[in-house]
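Here's the structure we're looking at; comments come further down.
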Amino acid sequence: MSKDVYVLAEQRDGELQKVGLELIGKATELAADLGQQVVAILLGSGIKDKAEILIQHGADKVVVVDDPMLAEYVTEPYAKALNEIIKKNDPEIVLFGATSIGRDLAPRVSARVHTGLTADCTKLDIGTIDAMPDTKLLLMTRPAFGGNIMATIVCKDHRPQMATVRPGVMKALAKDEARKGEVVDFKVDFTDADMNVKIREVVKGDSKTVDITEAKVLISGGRGIGSPDFFEKLQELADVLGGVVSASRAAVDSGWIAKDRQVGQTGKTVRPDLYMACGISGAIQHVAGMESAEYIVAINTNDTAPIFDVADLGIVGDVKAIVPKLTEAIAKRKAEKAAQ
Amino acid sequence: MKIVVCAKQVPDTTEVKLDPKTNTLIRDGVPSIINPDDKAGIEAALQLKEKVGGTVTVVSMGPPQADAALREALAMGCDEAILVTDRAFGGADTWATSSTIAAALKKLDYDVIITGRQAIDGDTAQVGPQIAEHLGIPQVSYAEEIVEAEEGKLVVKRQFEDRYHIIEVKTPCLITALAELATPRYMTVHGIFDAYREKEVKVWTLEELKDTVDMANIGLKGSPTNVKQSFTKQAKGKGLYYKDLSPEDAVETIVAKLEERHII
């Protein structure tokens, strides 16, 4: 019988990715509802020592495939390893990060094991459907039509039930160093034929690339800021708040700022403590990427801009008049506090 | 080189609006387009053909009106177009869609299959890799550039969030195209004329696929996943809203709130 909630703990260059820990956090809730365990899958080369970290964040067990074949991500060796783990252990659920790795690997594996896969889920629950009142199913909720509609998807008869979840949507549990769990080595017999493509070159991104999904404070600019130069003013505001500058699609498409700063359906999903939308109208595709922020401040000249419908604090006004004064006021207030 | 492109006709979701009274999608008058990533794939296929020679066949699964998308692909310069359509294919999730398209592709000769990374109506990015698995060929997804192409081999720049790979892959293979892969050309008047007068869109129904398709793997019944319910998103409640503050008062209000939330 299928059991346990499995999570692919993605790593890159031996570093665990935050999304894996977030999914383990969610998996602990799902496993509790099912009365089952959380199992993390760790694939890579020279990565076994990272298993403890996964246990400290909520995994009951970690299945490790430690093999030089898995050093850099290549679809087939990873798909083979996962397929064998699934065949051997018969999981109830397998979760993946909706990253450029998870979104390549999960569909390949779902086709191989013949099961359903639901992409980019924003909500996962355990529940039942009318037709099967006695079966606890994974209810997978995701946006469609650019975020206009939400759909809850179930996978009734095939196992495992599989889903991908975007980074930043779920919350990781705090690290508990006292937590104990089991680490299991899993052997996969790779052959040369499994490496069915050849990586000629790996070019790592500029280390200056900013990860807006990690930021606690985001100061975000849209077309309403008027010109690319105004991003400098937003940066000054971000600096006094210890934050990072992000943007709407309109600003990115205008060439005002790099694509890695884009929040929204076609950009990134963020959940900072503070999201300040400056001159962003709040198209549904943008809102889909930031509405989980703890506190949303919106400044816009258009008093009917849809961004005001999701803002905790909405100010109708001109960002160009407000932002520089706000930077000054916050800097002053912080200096006063420091002096106290 | 025999190149096959899979393309989907989608509603232009940037035009889809919600009816404020009923909270349902207003689809009337929303134009149908070739999915943008797929269109980049068509362009990449045409460029590949121009470079190494060969043919470009475009395949679409969908309702009969997807004919328009295929005519557009022909007008761009594709040699052949196939519409895979049958009521039996309807209601398919990505698994059943990919096995239906794979069944059609098995009837074709191909060296390279190009799909878009994802469609703007579903955003799943699943069908490309699933087709590759059903066909048992390697995939390179998130393709940003075809760096080299020769008979039997492609070299592809594959994008990740924090890096890229230069990947060498032997044919037959499948690549999924990012919009960055190629900027689609415009149809020419001559091309449009040919697409409707000279070229044909072949229609393949269940009958044409009966040798390669498994009836258990198509349509609603062949779909492992089902929609339990769909709903329009509940907007987060509107918070505080100030319309007539001077910039100074606005600043004061924001600072007070940020202090209250311990952000300052």
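The values are calculated or read from the model by the stated rules, or taken from the named source; none is laboratory data. A quick note: this is a predicted structure, and the numbers were derived from the prediction, not measured. Ideal geometry is used to build each Cβ from the backbone, glycine not excepted, and the neighbour counts take in all protein chains shown.
Okay, residues lined up against (1) at pLDDT below 95; (2) surrounded by fewer than 19 Cβ atoms within 10 Å (Cβ to Cβ); (3) under 29 Å from B:Thr183 (Cβ atoms); (4) not aliphatic (A, V, I, L, M):
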residue	(1), (2), (3), (4)
B:Lys8	no, no, yes, yes
B:Thr24	yes, yes, no, yes
B:Ser32	yes, yes, yes, yes
B:Glu43	no, no, yes, yes
B:Thr55	no, yes, yes, yes
B:Leu74	no, no, yes, no
Q) Taking region B:228-264, which residues are among the aliphatic types (A, V, I, L, M) and surrounded by 14 or more Cβ atoms within 10 Å (Cβ to Cβ)? A) B:Leu245, B:Ala250, B:Val251, B:Ile254, B:Val255, B:Leu258, B:Ile263, B:Ile264
(Q) Please list, ordered by residue number, the strands (runs of 3 or more DSSP E) wholly in region B:117-226 having 2 or more residues that are within 8 Å of another protein chain (Cβ to nearest Cβ) and crowded, with 21+ Cβ neighbours inside 10 Å. (A) B:139-150, B:163-170
(Q) Among the residues of region A:99-118, are any more than 30 Å from B:Ala216 (Cβ to Cβ), touching a residue at least 12 places away in the same chain (Cβ under 8 Å) and among the charged types (D, E, K, R)? (A) no
Q) Is it the case that some residue within region A:159-177 is at the interface with chain B (Cβ under 7 Å from one of its Cβ atoms) and under 22 Å from A:Leu105 (Cα atoms)? A) no
Q | Residue among B:Thr100, B:Thr57 that alone is in contact with a helix residue (DSSP H, G or I) (Cβ under 7 Å, 6 or more places away or on another chain), among the β-branched types (Val, Ile, Thr) and not in a loop (DSSP other than H, G, I, E, B) | A | B:Thr100
Q: Among the candidates A:Lys3, A:Lys18, single out the residue that is out of contact with any strand residue (DSSP E or B) (no Cβ under 8 Å at 6 or more places or on another chain), within 18 Å of A:Ile101 (Cβ to Cβ) and touching a residue at least 60 places away in the same chain (Cβ under 8 Å).
A: A:Lys18
Q | Test result for A:Ser248, over 23 Å from the mean Cα position of the chain (by Cα), at pLDDT 90 or above and more than 9 Å from chain B (Cβ to nearest Cβ) | A | no
Q) Which members of region A:276-298 meet the condition of being in contact with an Asp or Glu (Cβ under 8 Å, 6 or more places away or on another chain) and at pLDDT 95 or above? A) A:Ile296, A:Val297
Q. Which residue out of A:Thr99, A:Thr122, A:Thr115 is among the hydroxyl-bearing types (Ser, Thr, Tyr) and at pLDDT 95 or above?
A. A:Thr115
Q) How many residues are of a type in the set (Lys, Arg) and more than 23 Å from A:Arg12 (Cα to Cα) when one looks only at region B:148-175? A) 2
**Q.** Flag for A:Ala178 being more than 20 Å from the chain's Cα centre (by Cα), among the hydrophobic types (A, V, I, L, M, F, W, C) and farther than 30 Å from A:Val74 by Cβ
**A.** yes
Q.
Looking at A:Val184, A:Val188, A:Val210 in this structure, which one is out of contact with any His (no Cβ under 6 Å at 6 or more places or on another chain) and either outside any loop (DSSP other than H, G, I, E, B) or small (Gly, Ala, Ser) (or both)?
A. A:Val184
Q. Counting just the residues of region B:206-253 that are touching a helix residue (DSSP H, G or I) at 6+ places or on another chain (Cβ under 6 Å) and β-branched (Val, Ile, Thr), which one comes out farthest from A:Leu326 (Cα to Cα)?
A. B:Thr212
(Q) Tell me whether region B:191-213 contains one or more residues that are of a type in the set (Gly, Ala, Ser) and modelled with pLDDT of 95 or more. (A) no
Q | Subset of region A:294-327 [facing another protein chain (nearest Cβ under 7 Å), closer than 23 Å to A:Val240 by Cβ and out of contact with any Phe, Trp or Tyr (no Cβ under 9 Å at 6 or more places or on another chain)] | A | A:Ala321, A:Ile322, A:Lys325, A:Leu326
Q. B:Ser246 passes all but one of (1) without any contact (Cβ under 8 Å) to a residue 40 or more places away in the chain; (2) facing another protein chain (nearest Cβ under 7 Å); which number fails?
A. (2)
Q: Scan region A:244-288 residue by residue and report those that are hydroxyl-bearing (Ser, Thr, Tyr) and surrounded by 24 or more Cβ atoms within 10 Å (Cβ to Cβ).
A: A:Ser246, A:Ser248, A:Tyr275
Q.
With the structure loaded, tell me whether B:Gly222 is at pLDDT 95 or above and small (Gly, Ala, Ser) or whether it fails that test.
A. yes
Q) Condition test on A:Val188, is it facing chain B (nearest Cβ under 8 Å) and within 26 Å of B:Ile137 (Cα to Cα)? A) no
Q: Tell me which residues, restricted to region A:296-329, are surrounded by 22 or more Cβ atoms within 10 Å (Cβ to Cβ), in contact (Cβ under 8 Å) with a residue 24 or more places away in the chain and not polar (S, T, N, Q).
A: A:Ile299, A:Ala305, A:Ile307, A:Phe308, A:Val310, A:Ala311, A:Val319, A:Val323, A:Leu326
**Q.** Selection count, region A:116-155, where residues are facing chain B (nearest Cβ under 10 Å) and either buried (at least 22 other Cβ atoms within 10 Å of the Cβ) or of a type outside the set (Ser, Thr, Tyr) (or both)
**A.** 25
